[in-house]
Amino acid sequence: MPYPYAIRICYSCTGVEHIDPVGVEGGIGADQPHPFLLGLADEVWLTHVGQLGWVAVFRNNRIRYRPAERDALTRYAVRAVSITTNRNLKIAEQASLIGEHMPRIELLVAEPPAYYTLNAAGLRRKFVY
C-alpha cells in the first residue's frame, strides 16, 4: 500500500503557499477529500498529517522550537522532515532535493515518529519523540 506524504512549501514574503499530498503511486485520488486548506496554522496541518500517518516535508525549520507546533509533532507522532540548507532554495531546487532523497523518505513511514533534517548531505534524524 502506498504511503502519502504532505509536502508544504510556504513563502510568507510572497504570500504563496502550496500544500501537495503526494504518494508513491500518484497521491490521493481526486475522489478523496483534501484535508488541507491554505492558510492553516502549522499546528493544525501537522495534526492532520499525524492523524493520517503521513510524513510531513516542509521548509520551516523553526517548527520544532514553537510550543504549539512541537506539541502537535509529539502528540500526533508526526514523522517530520525539515529542509535545512545554508541558502534559500528555489521551489525547483527543493523539489529536486526531495526527489533525490525520496527513497529514504518513503522508508520513514515504518520508522518510529521522529524529526529529521534534509539537505544536500542527506537525511539525518535529529530526535525521536
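The values are calculated or read from the model by the stated rules, or taken from the named source; none is laboratory data. Quick caveat: nothing in here was measured; it's all calculated off a predicted structure. Cβ coordinates were reconstructed from backbone atoms using ideal geometry, including for glycine residues, and neighbour counts include every protein chain displayed.
Condition test on GLU106, is it under 17 Å from ARG124 (Cβ atoms) and modelled with pLDDT under 85? Step through it out loud before you land on a result.
Details: under 17 Å from ARG124 (Cβ atoms): yes; modelled with pLDDT under 85: yes.
When the stated conditions are applied, GLU106 passes them.
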Tell me yes or no: at least one residue of the range 67-80 is surrounded by 14 or more Cβ atoms within 10 Å (Cβ to Cβ) and farther than 20 Å from GLN51 by Cβ. no
Return the residue satisfying two criteria in turn: it lies in the range 56-76 and is under 16 Å from PHE127 (Cβ atoms) and among the aliphatic types (A, V, I, L, M), and of such residues it is farthest from the chain's Cα centre (by Cα). ALA72
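Say we look at the range 81-101 and pick out the residues that are among the aliphatic types (A, V, I, L, M) and surrounded by 15 or more Cβ atoms within 10 Å (Cβ to Cβ); which of these is nearest to LEU118 (Cα to Cα)? Break it down stepwise before answering.
Keep residues of the range 81-101 that are among the aliphatic types (A, V, I, L, M), which gives 81, 83, 89, 91-92, 95, 97-98.
Filter once more, so that each one left must be surrounded by 15 or more Cβ atoms within 10 Å (Cβ to Cβ): 81, 83, 89, 97-98.
Values: VAL81: 6, ILE83: 5, LEU89: 12, LEU97: 8, ILE98: 8 Å.
Checked the range 81-101; the qualifying residue nearest to LEU118 (Cα to Cα) is ILE83.
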